[in-house]
Amino acid sequence: MRIAVHEARALPAGLAAQVAALEAQAWPGSAPGHDPALRPKSVLLLAQDGSVLASLALLYKPVRLADGRTYRAAGLSGVVTRADVRGRGHGARLVAAARAELAADPAVDLALFSCDRDLVPFYGAAGFEVLPGTVLVGGTPQDPLATDAPGFAKTVLAAFFAGAGAGAGAGDDEGRTDQVRTAFTGIRVPLHPGTIDRLW
């Protein structure tokens, strides 16, 4: 098995078709793909024969908070494992690889996404932490979708990366990470990724 990372627009057709099939199986009726404005990357766990065992998308967007600062956020979306190989740790391996990909990217301040509450331990094992009191507000400003909407309660998770952000020097990595964590804790985050990826 191996991990492969591709810009979504450059994903080979055979792999793209397998990812679309996995997503259709997990979320019947949903449209495949992601908003190109979010610069999607596909992270895949491939079997020895090259078939897709699990996939997810990484999406990227600057997020401006009420404090006037803009942070470079990335999110996980469409995390899915092929039905016939579930329960073997493939999803965990994929999510850990995605976190490592984001941590190695100097243009990312934090990973930020939501999940069902019962999946918190799964993502926690890969190094993501719960942001207490934080709500992501997606959709559009005219038609918002919030993680605390009635019947849609989700948990917001994040990871913060040392050395991220403009002007961060080697001596202030930990301070910068704490500053970003504080900025995103207990607030409503205006994610607004649009109509295609309503909450990435």
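The values are calculated or read from the model by the stated rules, or taken from the named source; none is laboratory data. Source: prediction; values computed, not measured. Here the Cβ is made from the backbone with ideal geometry for all residues, glycine too, and neighbour counts use every protein chain on show. The area values use the complete protein model at the heavy-atom level, side chains included, leaving out ligands, DNA and RNA. Shrake-Rupley method; radii C 1.70, N 1.55, O 1.52, S 1.80 Å.
All but one of (1) among the small types (Gly, Ala, Ser); (2) within 25 Å of Arg2 (Cα to Cα); (3) exposed (fewer than 13 other Cβ atoms within 10 Å of the Cβ) hold for Ala66; which doesn't?
(2)
When the residues of region 1-29 are narrowed to those that are in a loop (DSSP other than H, G, I, E, B) and under 24 Å from Ala111 (Cα atoms), which ends up most open to solvent (accessible area, probe 1.4 Å)?
Per the stated criteria, the residue is Trp27.
What's the total number of residues in region 52-65 that are in a strand (DSSP E or B) and over 16 Å from Leu22 (Cα atoms)?
7
Looking at region 183-197 only, could you name the residues that are in a loop (DSSP other than H, G, I, E, B) and of a type in the set (Val, Ile, Thr)?
The answer is Thr185, Ile187, Thr195, Ile196.
Inspect all residues belonging to region 106-119 and state whether any of them is part of a loop (DSSP other than H, G, I, E, B), in contact with a Phe, Trp or Tyr (Cβ under 9 Å, 6 or more places away or on another chain) and either open to solvent by 20 Å² or more (accessible area, probe 1.4 Å) or more than 22 Å from Val180 (Cβ to Cβ) (or both).
Checked region 106-119: at least one residue is part of a loop (DSSP other than H, G, I, E, B), in contact with a Phe, Trp or Tyr (Cβ under 9 Å, 6 or more places away or on another chain) and either open to solvent by 20 Å² or more (accessible area, probe 1.4 Å) or more than 22 Å from Val180 (Cβ to Cβ) (or both).
Pick from Ala126, Ala149, Ala107: which is farther than 27 Å from Leu53 by Cα, in contact with a Lys or Arg (Cβ under 7 Å, 6 or more places away or on another chain) and among the hydrophobic types (A, V, I, L, M, F, W, C)?
Ala107
Quick one: count up the residues across region 83-105 that are in contact (Cβ under 8 Å) with a residue 40 or more places away in the chain and loosely packed, with under 13 Cβ neighbours inside 10 Å.
1
Which numbered condition trips up Gly68, out of (1) over 30 Å from Gln179 (Cβ atoms); (2) free of Cβ contacts under 8 Å to residues at least 60 places away in the same chain; (3) in a loop (DSSP other than H, G, I, E, B)?
Result: Gly68 fails condition (1) only.
Return the total of residues in region 46-63 being surrounded by fewer than 17 Cβ atoms within 10 Å (Cβ to Cβ) and within 9 Å of the chain's Cα centre (by Cα).
Of the residues in that region, 0 qualify.
Return the residues of region 118-150 that are of a type in the set (Asp, Glu) and in contact with a helix residue (DSSP H, G or I) (Cβ under 9 Å, 6 or more places away or on another chain); say none if nothing qualifies.
Glu129
Please verify whether region 33-42 includes one or more residues that are among the small types (Gly, Ala, Ser), open to solvent by less than 70 Å² (accessible area, probe 1.4 Å), at pLDDT 95 or above and not in a loop (DSSP other than H, G, I, E, B).
Among the residues of region 33-42, at least one is among the small types (Gly, Ala, Ser), open to solvent by less than 70 Å² (accessible area, probe 1.4 Å), at pLDDT 95 or above and not in a loop (DSSP other than H, G, I, E, B), which makes the answer yes.
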